[in-house]
Amino acid sequence: MFDNDFHPAWLPDTALRTVGSRRLALAADAAGAPPADAAVLATLETELGRATTAHGGAVVGPDDSPDLLLRLTASSAPGFRLVRHDGRVTVTAASPTALLHGYFHVVRLSVAALDAPSTDESHAPASALRMLDHWDNVDVHPVMGQVERGYAGGSVFYDAGRVRTDLSRVTAYARLLAAVGIDRVSINNVNVHAREARLLTDDLPEVARIAAALRPYGVRTHLSVSFAAPTTLGGLPTSDPLDPAVRDWWRAAADKVWTAIPDFGGFVVKADSEGQPGPFAHGRDHADGANMLAAAVAPHEGLIHWRAFVYNHTQDWRDRSTDRARAAHDHFAPLDGRFADNVIVQVKHGPMDFQVREPVSPVLSAMPGTRVALELQVTQEYTGQQRHAVYLGPAWSEVLRWQPWDSSTVRDGGTPVTVADVASGRGPGRRAGGFAAVANVGDDRFWTGHPLAQANLYAYGRLTWDPTLEPTAVLDEWVSLTFPDAPAELRAAIHAILDASWQTYELYTAPLGVGFMVRPGHHYGPDVDGYEYTPWGTYHFADRDGIGVDRTRATGTGYTGQYAAPWRDVYESPTTCPDELLLFFHHVPYGHVLHSGKSVVQHVYDTHFEGVERVARMVERWDEVAHLVPDDVAHRVRDRLAEQLRSAVEWRDQITTYFWRKSGVPDSNGRRIY
Ligand code: GCU
């Protein structure tokens, strides 16, 4: 059972007080609406009642001069329209879910929505697809625990090997998601173990219960499925995607899913990746595999999110020809144009694996004939595991705004195409694939372990709704909602702690884009050579003379050639490669001078000392304002910051020592290095 005393995150009752003190009305006829729409309309009624009961307003009829009228209209426009006239606000939308998003927009803006001058605005998300992927296991996995790469306790969906009896917290979660515009959730780990595979078949009634808990807030359910399911669940001799019996099996399986859950979204597939089964075993390619599943779900307008995270995880570190960074492009770019319309190829933002600094994946711009989704990681696997305060909004914003081509590749309106445009279907090519991200919540009281990590989930929703938003402004929204009476000093301190926290984390961890200097397995804390001689890849090639991976066309793995101009040339030369990615693209001597004027080794020393100093200041800033937040938040953040400081010192000492021992170059500032 849940302890229902969980933290309200960005929807405390006080966040509703302005709206709740007004006269609110809903104009929508639930009669005859499909059940999913009727469920959301009922939620809207409940929300209006809840806000007004708590804050002295009233729910009135649409003709009783409401201050805020929510009206369902017939229109084909996505999103919602907000008209403010003569002191009255009318929000209209074509679907109940969009109307709910419009309601939460008014909640978020509060007085600025209700009491501002007349306006007529349309608000639509950049892409219709904004999804969260939960890497939750039904059973506790012996190595990975219940939530793979989860840092906030157990799953909100499962407990003790089954779907929870009490799913009220799942509905509370859906409410938080609706308030930031997220409307799709995949509810199980992409690594589909035997127990989880059965969600597709025997456990369908249980999945239907989860879908029912998410539905009232307009959130649709997706499942991760195993490509080998026809064999492992269906007892067929093969899972070959071109085998008619296999195709029939999937068709029948999909039919049953949609019978149980008519508004089901679709399947997520990790195939031929890190040990998961896939089409390669049958001599087929990924288009064959994805299209077979796409045909099975097409009658139900279902989607296949097919992940491009495919690489060889059984490499020989002596083999210099294998480059993990190249893998996704090598596998997928040649398949462009072959994927069915309801297949979305889901691409991690970088070519490796959610490191604190990577170049943007070249796959995102290499498949104009394919619906491509950008995959982000809200859970902080490689960014401090929710023990470190790291606000990822700025990192994602950088990816979203990145321009894969030169400025002559423009979208409507003449602005250069960005990654956000590609994912939103505004780049060269086809329809939108949208956005997906690995979720960061669990059954922890604060949802995210670190209370400040809530801001990442909030920012994921807001930035995928509108990728042009400034991450600091998004953080400000989160502070205003989460701490409704935040005095200026609390707001300033949270900004001081979080605004540049991603850069701070980068300063004290792996330098200059090199990545993966983490402890193997759990990926927390420093281990410079931890992965260097393992089958998973080789990441830095440090020796006594230099460090970094030569990925040039001239002398290296040729990875730079996967980019369009100008990046293929910018990255090819160490003189034009941005400092922060130098070691990702080049192997250089320790004395190589960066654009900053410092040598690589001195940069490493300086950044690591600075990183620790910055964390020490984060600790001090929190101590100054902790009395302004509830005690439980104050203590949890204080504990986590203490661990962050300990860990940052450990990172600093190991990284600086490693570079000193390898290079023999002393710190020009004479600081103590071991
Ligand atoms: C990372 C992560 C795995 C996960 C994988 C994925 O490698 O460490 O736990 O399964 O990403 O994205 O599939």
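The values are calculated or read from the model by the stated rules, or taken from the named source; none is laboratory data. These figures come from a predicted structure and were not determined experimentally. Positions of Cβ are backbone-derived with ideal geometry, glycine not excepted, and every protein chain shown enters the neighbour counts. SASA here: full protein model, heavy atoms, side chains in, ligands and nucleic acids out. Shrake-Rupley method; radii C 1.70, N 1.55, O 1.52, S 1.80 Å.
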**OP:** From Arg357, Arg324, Arg318, grab the single residue that is open to solvent by 10 Å² or more (accessible area, probe 1.4 Å) and either in the same structural domain as Thr538 (by TED's automatic domain parsing) or in contact with a helix residue (DSSP H, G or I) (Cβ under 6 Å, 6 or more places away or on another chain) (or both).
**Re:** Arg357
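Open to solvent by 10 Å² or more (accessible area, probe 1.4 Å) and within 14 Å of the ligand (Cβ to nearest atom): does that describe Gln346?
It is false that Gln346 is open to solvent by 10 Å² or more (accessible area, probe 1.4 Å) and within 14 Å of the ligand (Cβ to nearest atom).
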**OP:** Kindly indicate whether any position in region 313-331 is more than 20 Å from Gly433 (Cβ to Cβ), within 13 Å of the ligand (Cβ to nearest atom) and part of a helix (DSSP H, G or I).
**Re:** yes
Subject >> Number of the exception - Arg371 against (1) open to solvent by less than 10 Å² (accessible area, probe 1.4 Å); (2) within 21 Å of Leu132 (Cβ to Cβ); (3) away from the ligand (no atom under 16 Å from the Cβ) >> reply: (1)
Original post:
Just for helices (runs of 4 or more DSSP H) wholly inside region 558-654: which have at least 2 residues that are among the aromatic types (Phe, Trp, Tyr) and at pLDDT 95 or above?
Top reply: 582-585, 600-625
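Among the residues of region 192-229, write down those that are within 15 Å of the ligand (Cβ to nearest atom) and under 15 Å from Tyr158 (Cβ atoms).
Answer for region 192-229, where residues must be within 15 Å of the ligand (Cβ to nearest atom) and under 15 Å from Tyr158 (Cβ atoms): Val192, His193, Glu196, Ser224.
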**OP:** Output the qualifying pairs, or none if there are none: Cβ atoms under 6 angstrom, residues six or more apart or on different chains, first residue in region 271-283 and under 11 Å from Val190 (Cα atoms), second residue more than 9 Å from the ligand (Cβ to nearest atom) and open to solvent by less than 50 Å² (accessible area, probe 1.4 Å).
**Re:** Ala271/Phe227; Ala271/Gly278; Ala271/Gly289; Ser273/Val310
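Conditions tested, residue by residue: (1) in contact (Cβ under 8 Å) with a residue 40 or more places away in the chain; (2) over 20 Å from Arg357 (Cβ atoms); (3) open to solvent by 20 Å² or more (accessible area, probe 1.4 Å).
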{"residue": "Pro578", "(1), (2), (3)": "no, no, yes"}
{"residue": "Gly591", "(1), (2), (3)": "yes, yes, yes"}
{"residue": "Thr607", "(1), (2), (3)": "yes, no, no"}
{"residue": "Ala616", "(1), (2), (3)": "no, yes, yes"}
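Of all residues being under 17 Å from Gln562 (Cβ atoms) and part of a loop (DSSP other than H, G, I, E, B) in region 353-367, which is nearest to the ligand (Cβ to nearest atom)? Just the residue, please. Give the steps one after another, and end with the answer.
So the first thing to find is which residues in region 353-367 are under 17 Å from Gln562 (Cβ atoms), and the list is 353, 358-367.
Right, trim to part of a loop (DSSP other than H, G, I, E, B) and you get 353, 358-361, 366-367.
Working: Asp353: 5, Glu358: 13, Pro359: 18, Val360: 17, Ser361: 13, Ala366: 20, Met367: 19 Å.
Of everything passing the filter in region 353-367, Asp353 is nearest to the ligand (Cβ to nearest atom).
Got a sec? Which of Ala28, Ala77, Ala54 is more than 28 Å from Thr482 (Cα to Cα), in contact with a Lys or Arg (Cβ under 8 Å, 6 or more places away or on another chain) and outside the structural domain of Val170 (by TED's automatic domain parsing)?
Ala28
Check Arg220, Arg251 and return the single one that is surrounded by fewer than 18 Cβ atoms within 10 Å (Cβ to Cβ) and not acidic (Asp, Glu). Reasoning before the result, please.
Values: Arg220 fails: surrounded by fewer than 18 Cβ atoms within 10 Å (Cβ to Cβ).
Every option except Arg251 fails the conditions.
Step by step: first the residues of region 170-191, then only those that are closer than 21 Å to Gln276 by Cβ and of a type in the set (S, T, N, Q), then the one that is nearest to the ligand (Cβ to nearest atom). Which residue is that?
Asn191
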Original post:
Are there any pairs with C-beta distances below 8 angstrom linking a residue in region 510-523 that is farther than 20 Å from Phe659 by Cα and β-branched (Val, Ile, Thr) to a residue that is modelled with pLDDT of 95 or more and part of a loop (DSSP other than H, G, I, E, B), with the two at least 6 apart or on different chains, and if so which?
Top reply: none
Subject >> Residues of region 299-312 satisfying the condition of being open to solvent by 50 Å² or more (accessible area, probe 1.4 Å) and away from the ligand (no atom under 16 Å from the Cβ) >> reply: Pro299, His300, Glu301
Original post:
Within region 131-169, restricting attention to residues that are under 19 Å from the mean Cα position of the chain (by Cα), buried (at least 24 other Cβ atoms within 10 Å of the Cβ) and more than 16 Å from the ligand (Cβ to nearest atom), which residue is nearest to Leu11 (Cα to Cα)?
Top reply: Val156
**OP:** Please state which one of Ala197, Ala211, Ala178 is touching a strand residue (DSSP E or B) at 6+ places or on another chain (Cβ under 9 Å) and assigned to a helix (DSSP H, G or I).
**Re:** Ala211
Subject >> Per-region count, region 307-335, residues touching a strand residue (DSSP E or B) at 6+ places or on another chain (Cβ under 9 Å), hydroxyl-bearing (Ser, Thr, Tyr) and within 21 Å of Phe227 (Cα to Cα) >> reply: 1
Subject >> Unique match (being farther than 21 Å from His222 by Cβ, away from the ligand (no atom under 16 Å from the Cβ), open to solvent by 60 Å² or more (accessible area, probe 1.4 Å) and under 26 Å from the mean Cα position of the chain (by Cα)) among Ser118, Ser76, Ser122 >> reply: Ser122
Subject >> Subset of region 254-279 (residues that are within 16 Å of the ligand (Cβ to nearest atom) and surrounded by 16 or more Cβ atoms within 10 Å (Cβ to Cβ)) >> reply: Phe267, Val268, Val269, Lys270, Ala271, Asp272, Ser273, Gln276, Pro277, Gly278
Original post:
Can you tell me which residues in region 432-466 are closer than 16 Å to Pro8 by Cβ and in a loop (DSSP other than H, G, I, E, B)?
Top reply: Val441, Asp443, Asp444, Arg445, Phe446, Trp447, Thr448
